[in-house]
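Below: the structure, in structure tokens.
The values are calculated or read from the model by the stated rules, or taken from the named source; none is laboratory data. This is a predicted model, so every value here is computed, not measured. Note that we place each Cβ from the backbone using ideal geometry, even for glycine, and neighbour counts take in every protein chain shown. Each accessible area value is taken on the protein alone, full model and side chains, heavy atoms only, with ligands, DNA and RNA left out. Shrake-Rupley method; radii C 1.70, N 1.55, O 1.52, S 1.80 Å.
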Amino acid sequence: MNKKDIGHFRRQFKADNDLLTIGDIFNVYITKESSEIYHHQSQPFELLDRDQQELFLINFKKLLGGQLDEKLFELKFKRDVSDSSQLILHQGLLSDKVDGWKEYMLKLVGKILAQRQYEEDIVITFIRGEYRKPTKRRSEESEENERDTVYSHPFILCSMNKTQEPKKELLFDYVEKEFKYNFVVDPIINLTAPISGFLFPCFTDNASDVNHVLYSAGKVHEPDHQFIEDVLNGEETMTAKDDKIVFEEIVKDVTHDQLNTSTLHHVYEEINRVIEENEEEEAPTLDYKDVERVLTVSGVKDIDQEKVEAAFQNVIQDEKYEIKASSIVPKYSSKSIKINTKVANVSISPQDLSYVRQVNFEGKRYLMIEVEEDTVIDGFRMIPEAFNRESENN
């Protein structure tokens, strides 16, 4: 699934939407003391109160929020796995009886509980529904409605949420004119911040892809690798942050950590060009041959494919690994690059790196930034000074 597919699906989670039908909702309550199922309940989603429906719809939208490879991860299922979650989910999706799909979802709950003991009571919510996507936009000349022909995608969505203790409150009773202590014993289910979840199957090129599952992490750049492997049986994944670190280490290995700002600027510029000129549905990736080309056209000297291939092997132990270009420069126009020094840390956009230099002057190193107007520091406009030893002492 790409960003556009996820965004369109996420926007369907709203009331009275004919492009999304939620059939059944199945809630499972897990107690922290025993890590066992305390209660589970299934019912048609349409029978929930309107306010309850709204709370769950907000929860599902929260679950599907975030960037790919940062909070959302498309995972490929491992092959030849015993008690395969792919098979369990597929069977649950195809089951025509509510009791049947509940049984399959409880199997998944069993795998979740076998993974770890949670510090709070949690609620695991499953929904089974159908997502319909129009095949084409309605033209002004045509009388055909865009919803007359749609792609149909049955799906299962899982959201995991913590519970929290209710607040102890002091109330004032206007009628009795007295202060009252109010304490509710029922735990509150936090539907505004899901801790994990997943969507099955993925949707690729307007078709259901049962070989992949979309996993949602609770926090950015912090996927639960044990959950991915033991519960979902998904292949190992890398976050965008991990990919960027891998790229940086490969470049350091090849250049012996000797790179000036001008060359780095050209590297980011070339990768951004690759992203912008990509016409494929899938995000562009860089293998060792691509990285060698990027570095060469950016001005790095004495480089060849063998050196870059060896660097891939040294850093990630896989010379065939492909780095997602968007992980290196996710948002070229707005992403900040951190310049760290002992004296100060500076953030600058990639396209402005050409204005930055590290220079040697009278035996000392300086960070020099070319500016087109006066610099303002803490509200004070700085007076331009001549760069010499006298101005330094002043």
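Observations on the structure shown:
- Shape call, the range 55-120: gyration tensor on alpha carbons, a/c limit 1.5: rounded
- Estimated translational D of the range 262-342 in µm²/s (Stokes, Kirkwood radius over Cα pairs; 25 °C; 0.890 mPa s): 180 µm²/s
- Here, P(r) means the percent of Cα pairs in each 10 Å bin from 0 to the largest distance; for the chain it is 4, 17, 23, 19, 17, 12, 6, 2, 0.
- Compared with the alpha-carbon gap, the fully stretched path from Ser84 to Thr192 is longer by 35.9 nm at 0.36 nm per residue.
- Among residues other than Asp205 with Cβ under 14 Å from its Cβ, the summed charge is -4 (Lys and Arg +1, Asp and Glu -1).
- The alpha carbon radius of gyration of the range 144-281, expressed as a multiple of 2.2 N^0.38 Å, is 1.77.
- For the listed peptides 193-200, 318-325, 244-251, a ranking on the average number of other beta carbons within 10 Å per residue, highest first, reads 193-200, 244-251, 318-325.
- Spin-label model, Ser349 to Leu94: label points 7 Å out along the Cα-to-beta-carbon direction sit 5.2 nm apart.
- Here the chain exposes an accessible surface that is 47 percent carbon and sulfur, computed with a 1.4 Å probe and the other protein chains kept in place.
- Unit charges at the beta carbon, dipole of the chain: most positive-side option, Leu64, Ser152, His266: Leu64
- A protection proxy built from the mean count of other Cβ atoms within 10 Å ranks the segments 232-240, 110-118, most packed first, as 232-240, 110-118.
- Net charge contributed by nearby residues that have their C-beta within less than 9 Å of Lys61 (K/R +1, D/E -1): +4
- Rg followed by Dmax, in Å, when the range 200-351 is reduced to its Cα trace: 17.2, 54
- Trypsin sites (Lys or Arg not before Pro) restricted to the range 29-61 and DSSP loop, no more than 16 other C-beta within 10 Å: Lys32
- Taking the Cα centre of the chain as origin and assigning +1 to Lys and Arg Cβ atoms and -1 to Asp and Glu Cβ atoms, the resulting dipole is close to 700 debye.
- With 5 Å bins from 0: P(r) over the range 222-304, alpha-carbon pairs, percent: 3, 12, 19, 21, 15, 12, 9, 6, 3, 0
- Counting Lys and Arg as +1 and Asp and Glu as -1 over every other residue whose Cβ lies under 12 Å from the Cβ of Asp242, the net charge comes to -4.
- Rounded is the label for the range 1-120, because the ratio a/c of its alpha-carbon gyration tensor axes (a ≥ b ≥ c) stays below 1.5.
- Computed from point charges on the beta carbon alone (+1 for Lys and Arg, -1 for Asp and Glu), the dipole magnitude for the range 186-272 about its Cα centre is near 260 Debye.
- Accessible area per residue, Å², the range 145-209 with all protein chains present, probe 1.4 Å: 62 Å²
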